[in-house]
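The next block holds one structure in the form of structure tokens; read it before the comments.
Just so it is clear, none of the values below were taken in a lab; they were calculated from the coordinates. Remember, predicted model here, so these are calculated numbers, not experimental data. Every residue, glycine among them, receives a Cβ derived from its backbone with ideal geometry; neighbour counts consider all protein chains shown.
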Amino acid sequence: MQGRVLLVDDDSVSLAMLRVCLETMEPAVEVVGQATDAEQALRMAIEERPDVVLADFALPRQTGLQMASWIMRASPQTQVILLSEYDEPWIRYQSARDGIFAFLKKDEPLPKIHRTVVDALQASYPTAVDDGERPPAPQPDETPDDGIAPMRLAPRETRVIELAAQGYSTRGIAEELNITFNTVRDHLKHVYRKLGVHSRHEAVLAFQRRMG
């Protein structure tokens, strides 16, 4: 697997450390760029269309959450992972509500950060689909006037997207439900198809809208 990752941090030491981590651990991923603030990150995300943005929460002028909302609007297929020195409950809640793929403390072991990036790459379309194709679009009779497919999720699919909305990574969902990583991926593919979306972020938002 060769994914494309954009790093965002105003600390040059952190940027260098994360880059070495991602490029040397297996499976290695491609770092397509480094940004030091939210505006630069947005420009690079539009230009490079990375699969994943790995960003510090505490950026100059804007927070990582503000940056993430810009990037996910400009590139819905891009997954965002936020790192923070502090495990504040409100940041974790806001991250889950806004569709952030994962929220980690900056002092997490590098192998865990690398594994979370790999999970995000596997959850990001088109890389998450084994045959390289997008999930099939919903059939016309499955889509109401508002353009959003109805909620016809199986109980396990519902639980998977609930955990995704709470900020669980794909691997975290697998551990919580005691199922395999690939089974979670399959459930997510089914959720995307049934909701008529193409990314985890869009699925979480569609699910939250339907749940009120």
Under the 7 Å Cα-to-Cβ spin-label approximation, residue 37 and residue 23 lie apart by a distance in nanometres of 2.5
Within the under-13-Å Cβ sphere about residue 13, not counting residue 13, Lys/Arg +1 and Asp/Glu -1 give a net charge of -2
Charged-residue dipole, Cβ positions (Lys, Arg, Asp, Glu), the chain about Cα centre, Debye nearest 20: 500
List the lysines whose alpha-carbon lies under 27 Å from that of residue 189, not counting same-chain residues fewer than 8 positions away? 112
Quick one: Cα convex hull volume of the range 1-96, Å³ per residue? 96
The ³J(HN,Hα) series, computed from each phi in the range 162-169 with the Karplus coefficients 6.51, -1.76 and 1.60 at θ = phi - 60°, rounded to the nearest Hz and given as x for glycine or proline, is 4, 5, 4, 5, 7, x, 5, 6
With r defined as the distance between the Cβ atoms of residue 48 and residue 16 and R0 fixed at 22 Å, what FRET efficiency is calculated, to the nearest 0.05? 0.70
What order do you get for 15-23, 115-123 when each peptide is scored by the mean count of other beta carbon atoms within 10 Å, highest first? 115-123, 15-23
Calculated FRET efficiency for the pair residue 182/residue 210, C-beta based, R₀ 35 Å, to 0.05: 0.85
What the 5 Å binned alpha carbon P(r) of the chain shows, as percent of pairs per bin from 0, is 1, 7, 16, 20, 21, 16, 10, 5, 2, 1, 0
